[in-house]
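Below: one structure, written as structure tokens.
Please treat every number below as a calculation from the coordinates, not as lab data. These figures come from a predicted structure and were not determined experimentally. Positions of Cβ are backbone-derived with ideal geometry, glycine not excepted, and every protein chain shown enters the neighbour counts.
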Amino acid sequence: MPAKRPNNPARELLFGDLWEYDPAPETAPAHIAPRYDLFINGQFTAPKSKKWFDSISPGNEQKVSEIALANEADVNAAFAAATAAFSKWSKTSGAERGKYLYRIARLLQDRAREFAVAETIDGGKPIRESRDFDVPVAAAHFFYHAGWADKLAYAAPGRTLAPLGVVGQIIPWNFPLLMLAWKIAPALACGNTVILKPAETTSVTAMKFCSILQDAGLPPGVVNIVTGAGDTGTNIIHHPAAAKIAFTGSTAIGKFIQRTLAGTDKRLTLELGGKAANIVFEDAPIDQAVEGIVNGIFFNQGHVCCAGSRLLVQESVADEVLRKLKMRLRHLRVGDPLDKNTDIGAINSRKQLEKIQELVKSGVQEGAEIHQPACKLPKRGFYFAPTLFSNVSLSHRIAREEIFGPVLSILTFRTPEEAVEKANNTPYGLSAGVWTDKGSRILKMSTELKAGVVWANTYNKFDPASPFGGYKESGFGREGGKQGLLDYAQIV
Ligand code: NAI
Ligand code: MG
């Protein structure tokens, strides 16, 4: 029975409770194996540890697959394979390396739907996002770097570039396949060989990717994938054969890695957390800004290092923005990640859900005002309703700490100077957003904001040609573009 239409003087489009939606589940097969071994020297290899752990689907808490737990001996075997492969791969011509990268990109495109479904099952993100964002952008990174492989001379004119050697790469769980592409594509384009470790909750697409490497005929040992949690990662960063470590993840682990590598000649790039300011001026197109705010914080359940998690809105339009945001939130659909209607899927893990719950509780306790739409959350799985906090002050934990969930903290400002000061008042510096009608203000803000990426009148736009990375505790080094490429090469 449709619910009774409420008194609605604002003529708001109220979809939420008025109709039942037919479910629209994705039906393409994900082809997930019941168990995955390690991928070393071009072969799936049983772990010497003789241990596997479960990967579950955060959407329904069911087991997805068993993933090998790599111990020190397994990591050593991967480094031995990568070291042996390096001597030949580093001398393979750029044109030849580029062919492999093109092949990988095209094979990934061929199997895009299958990879999208697997990503959504294993990690909980909405199928709409894995289908339209994660997988196509991952393929785009391989295409882009395929183009660089035989043009490295143009990346550093007049100088000669050489690969670094064997690189260790550790990635997080928020964009599993995409982070793999960001790491592997530039490394191979420059002639390095790789040991990559996916995050322990999201290893499935990385293991499926190994079959693409086999189909592409990539020489054995050029890419090795070892699975496991923090201990496996520690074995990688300690390994003497690693010429470089590239890490994306939490600031705490990033600092630990930096301390561990201090005094060695290993190179390091870190892509860590963020607490981005999304700044809305009174002259901004407000409806467009509201869409950008929603995308900025609710994309991928807010599990985004560059999420626009602090909204700074000019006081004169704050009431209007809050009213429209609350209305927009009522239309977001939270639930089954495999349903094509879903806007907000599952939180990646119980641990992450508990972290979000704890920080939201602190927001209420510290006196911010919470707004959550009435929405039915599935009984099984890890879910959190989209949440707004108004009356937030800079000292609140929810304004300072990375929540990494669908939670937006709203602060106000009066002058552009105040906006810049508040935006930069954070230990992070990864990204920012500016919404205004004035082009000159965009240019001024983008130089004053201490953030690696500044989006203007849009948010969360990514392109392989555009370097991405942070300042301060958000890390150093760039990924994408010529800058990201050069982080995998040395001038000789
Ligand atoms: P994490 O930093 O522990 O995990 C990231 C990766 O590092 C995973 O592959 C993990 O296995 C690996 N790792 C963990 N300990 C390690 C160690 N001692 N040595 C080497 N590798 C190690 O992040 P976690 O605990 O999953 O998430 C905690 C918080 O970190 C999140 O709530 C979020 O705020 C932030 N985070 C930020 C990310 C970003 O993209 N900037 C990504 C993931 C988490
Ligand atoms: Mg999983």
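Descriptive notes on the structure:
- When you restrict to C-alpha pairs under 8 Å that are six or more residues apart and normalise by the size of segment 277-456, the relative contact order lands at 29 percent.
- Förster radius 45 Å - calculated FRET efficiency between E96 and L394, Cβ distance, rounded to 0.05: 0.25
- Summarising the overall dimensions of the chain from its C-alpha atoms, the Rg and Dmax are 22.7, 73 angstrom.
- Evaluated at q = 0.14, 0.18, 0.23, 0.24 Å⁻¹: base-10 log I(q)/I(0), Debye formula over Cα of segment 77-118: -0.51, -0.70, -0.79, -0.80
- Rounded FRET efficiency, nearest 0.05, which uses the C-beta distance separating H238 from R380 and R0 of 51 Å: 0.85
- Placing unit charges on the Cβ atoms only, positive for Lys and Arg and negative for Asp and Glu, gives segment 289-412 a dipole magnitude near 440 debye about its Cα centre.
- Solution diffusion estimate, µm²/s, Stokes-Einstein, segment 277-456, Kirkwood Rh from C-alpha pairs, 37 °C, viscosity 0.692 mPa s: 200 µm²/s
- Using alpha-carbon coordinates, inclination of helix 112-123 to the longest axis of the chain, degrees: 70 degrees
- Proximal charge balance of S203 [Cβ under 12 Å; K/R count +1, D/E count -1]: -3
- Violating pairs (Cα-Cα greater than 19 angstrom) within the set K422/K444; K63/K125; K208/K340: K208/K340
- Our estimate of slack between F462 and D231, defined as 0.36 nm per intervening residue step minus the Cα-Cα distance, is 80.0 nm.
- Neighbourhood net charge (15 Å Cβ-Cβ; Lys/Arg +1, Asp/Glu -1) for Y383: +3
- For segment 163-185, backbone nitrogen atoms closer than 17 Å to the point 7 Å from Q490 Cα along Cα-to-C-beta are found at 163-168.
- Residue range of the chain that is longest and free of trypsin sites (Lys or Arg not before Pro) which are both DSSP loop and sparsely packed (at most 14 other C-beta within 10 Å): 160-339
- The calculated Kirkwood hydrodynamic radius for segment 374-492 is 16.8 Å, given to one decimal from all distinct C-alpha pairs.
- Fraction of antiparallel bridges per DSSP, segment 277-456 only, in percent to nearest 5: 10 percent
- Helix 315-330 axis versus longest C-alpha principal axis of the chain: approximately 70°, rounded to the nearest ten.
- Potential lengthening of the chain between A28 and R323 amounts to 102.3 nm, from the contour at 0.36 nm per residue minus the alpha-carbon distance.
- Among the listed pairs K355/K438; K151/K461; K244/K275; K50/K376; K275/K326; K326/K482, those beyond 31 Å (Cα-Cα): K355/K438; K50/K376; K326/K482
- Modelled FRET efficiency - R0 25 Å, K482 with A84, Cβ distances, 0.05 increments: 0.25
- Degrees, to the nearest 10: 350-365 long Cα axis against longest axis of the chain: 30 degrees
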